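Just so you know, all these numbers are worked out from the coordinates, no wet-lab data involved. What you see is a predicted model; the values in this text were computed from it and never measured. Heads up, the Cβs are rebuilt from the backbone with ideal geometry, glycines too, and the neighbour counts pull from every protein chain shown.
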Amino acid sequence: MIAKAGTVAYGKFFRKKAGFISKKWFPYFANYRRQGYDFDSRWEDGLAGIRCKKIMEQLELKGEMFSFE
């Protein structure tokens with residue numbers, strides 16, 4: 001039920017273990033995992049693969065999506 005409320009994000013944030021994190025803290029965790037890079041910089045430096053690029057393009061078009069999409 002917590003995920004349906006829309007106040008948290010779910011992902012593998014804790015040493016490859018899945019868990020929930022508040023949307024307030026999500027940018028900090030994402031930034032840490034990306035070593036300070038935003039996605040475009042990671043892509044330009046060859047640190048992100050084509051699969052990640054395609055996912056980001058779909059998110060830009062559709063916004064939020066289910067993981068199975």
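Quick notes
- Amide H contacts under 5 Å for V8, placed H, 5+ residues apart: K23
- The chain, relative contact order in percent, only Cα pairs under 8 angstrom and at least six apart counted: 14
- Residues whose amide H lies under 5 Å from that of F13, counting only those 5 or more places away or on a different chain, are G19; hydrogens are built 1.01 Å from N in the peptide plane.
- Translational diffusion coefficient (Stokes-Einstein; Kirkwood radius from C-alpha pairs) of the chain at 20 °C, 1.002 mPa s, in µm²/s: 159
- Here the Karplus curve 6.51 cos²θ - 1.76 cosθ + 1.60, taken at θ = phi - 60°, turns the phi angles of the stretch 57-69 into couplings of 4, 5, 5, 5, 6, 9, x, 5, 9, 6, 5, 6, 6 Hz, with x standing for Gly and Pro.
- Applying the criteria of a DSSP loop state and at most 13 other Cβ atoms within 10 Å to the trypsin sites (Lys or Arg not before Pro) of the stretch 1-55 yields K4, R15, K16, K23, K24.
- Adding -39500 (n - 2.57) for every DSSP H run of four residues or longer, then dividing by how many residues the chain holds, sets the calculated 222 nm ellipticity at -11000 deg cm²/dmol.
- Chymotrypsin sites (Phe, Trp or Tyr not before Pro) within the chain, DSSP loop, no more than 11 other Cβ atoms inside 10 Å: F66, F68
- Remark: for residue pairs K24/K54; K17/K62; K12/K53, the C-alpha separation exceeds 22 Å in K24/K54; K17/K62.
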